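Below is one structure; the comments refer to it alone.
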Amino acid sequence: MDIADYNARWLGAWTAKDVPTLLKFYAADCIYRDPQTAGGLTGREALGGYLTGLFGATPAMTYTPDEVWPIPGGFCGRWYCDIAGGGRLRGFDLVILRGDEIALNEVYTHTMAA
């Protein structure tokens, strides 16, 4: 698998706020964690509900891949997110794959100075 391509397509779906496409990247029993869900979410259904609410409550965001590193079972990826109306984040994902589906996704973010 070309992890740089996979990561770019996945982040493109985040930019598009395309929940159905995003969910195709995740395993049915995936575990997802980000700063707002530190306890984690389990399963596509829970993730889909979370993403629908998140995307409805946030402005447009453009995710730009920076670097990816292969690790056993998956990859780590760093990205930047430019938020419509101002603001920028730097983020990092830990992604554990099962085949070509994300079994575990942990997201870490930092607010960047304007």
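The values are calculated or read from the model by the stated rules, or taken from the named source; none is laboratory data. Please read these numbers as outputs of a predicted model, since none were measured by experiment. Because the Cβ atoms are built from the backbone with ideal geometry, glycine has one as well, and the counts that use them run over all protein chains shown.
Scanning the stretch 3-40 for residues that are in contact with a strand residue (DSSP E or B) (Cβ under 6 Å, 6 or more places away or on another chain), surrounded by fewer than 18 Cβ atoms within 10 Å (Cβ to Cβ) and farther than 22 Å from PRO65 by Cβ turns up just one, GLY40. The set of residues in the stretch 84-106 being of a type in the set (A, V, I, L, M) and at pLDDT below 95 consists of ALA84, LEU89. A Cβ distance below 8 Å, combined with a sequence gap of six or more or placement on separate chains, defines the contacts here; from the stretch 39-53, residues that are among the β-branched types (Val, Ile, Thr) reach residues that are part of a helix (DSSP H, G or I) and at pLDDT 95 or above in the pairs THR52/VAL19. Checking ASP82, ASP100 one by one, the residue that is of a type in the set (D, E, K, R) and surrounded by 13 or more Cβ atoms within 10 Å (Cβ to Cβ) is ASP82 and no other. Restricting attention to the stretch 98-112, the residues that are more than 20 Å from ALA38 (Cα to Cα), part of a strand (DSSP E or B) and not basic (Lys, Arg) add up to 1. Which residue out of GLY53, GLY43, GLY49 is surrounded by 15 or more Cβ atoms within 10 Å (Cβ to Cβ) and at pLDDT 95 or above? When all the criteria are applied, what remains is GLY43.
This table checks each residue for (1) in a strand (DSSP E or B); (2) in contact (Cβ under 8 Å) with a residue 60 or more places away in the chain.
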| site | (1), (2) |
| --- | --- |
| THR64 | yes, no |
| PRO70 | yes, yes |
| GLY85 | no, no |
| GLY91 | yes, no |
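Just to check your reading of the model, which residue among THR15, THR109, THR37, THR58 is modelled with pLDDT of 95 or more and not aliphatic (A, V, I, L, M)?
Only one candidate passes the filter, namely THR15.
Residues in the stretch 25-48 include at least one that is hydrophobic (A, V, I, L, M, F, W, C), over 14 Å from the mean Cα position of the chain (by Cα), under 22 Å from ARG98 (Cα atoms) and assigned to a helix (DSSP H, G or I).
With respect to the conditions (1) outside any helix (DSSP H, G or I); (2) touching a helix residue (DSSP H, G or I) at 6+ places or on another chain (Cβ under 9 Å); (3) among the aromatic types (Phe, Trp, Tyr), TRP10 lacks only one, and its number is (1).
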